[in-house]
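Okay, structure first, notes after.
The values are calculated or read from the model by the stated rules, or taken from the named source; none is laboratory data. In this text, all values refer to a predicted model and were calculated from it rather than measured experimentally. Reconstructed Cβ throughout: ideal geometry from the backbone, glycine too, with neighbour counts over all protein chains shown.
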Amino acid sequence: LIKERKEAISVSIRTTTSAVDASKIAEHFGGGGHVRAAGFTMKKANLLDAQHEIINYLRNLQSER
C-alpha cells in the first residue's frame, strides 16, 4: 500500500508467505518491520517517481531469486 501524504510517501508491505521478507524490502528504503509486515517512508513529493523506484527495486529483487 502506497499513500501520498503532505510531507512524504508512506509505504506498507504485507506478504502472505515468509518466502518474501517484507522487512528486507523495507530496510532497503530505510524502514523496518517483520518478515510478513513492514513499512517505510520516502521523502519524495512525486508519487509516480516513488512507485517507479519501488517497482524497479522489486523487479531486480525478483530477478535475483
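Quick notes on this structure:
- Hits in the stretch 42-56 (condition: of a type in the set (V, I, T) and surrounded by fewer than 14 Cβ atoms within 10 Å (Cβ to Cβ)): I55
- Flag if G39 is free of Cβ contacts under 8 Å to residues at least 12 places away in the same chain, among the small types (G, A, S), touching a helix residue (DSSP H, G or I) at 6+ places or on another chain (Cβ under 7 Å) and surrounded by 13 or more Cβ atoms within 10 Å (Cβ to Cβ): no
- Residue check for I13: in contact (Cβ under 8 Å) with a residue 24 or more places away in the chain and within 9 Å of the chain's Cα centre (by Cα): yes
- Within the stretch 34-65, the set of residues being closer than 23 Å to K6 by Cα, outside any helix (DSSP H, G or I) and touching a strand residue (DSSP E or B) at 6+ places or on another chain (Cβ under 6 Å) comprises A38, G39, F40, T41, M42, K44.
- Members of the stretch 3-35 that are surrounded by fewer than 17 Cβ atoms within 10 Å (Cβ to Cβ), modelled with pLDDT of 95 or more and aliphatic (A, V, I, L, M): V35
- Enumeration of residues in the stretch 16-34 that are over 18 Å from E64 (Cβ atoms) and more than 10 Å from the chain's Cα centre (by Cα): T16, G33, H34
- For the stretch 1-30, a residue qualifies if it is of a type in the set (S, T, N, Q), out of contact with any Lys or Arg (no Cβ under 6 Å at 6 or more places or on another chain) and within 20 Å of R59 (Cβ to Cβ), and the qualifying residues are S12, T16, T17, S23.
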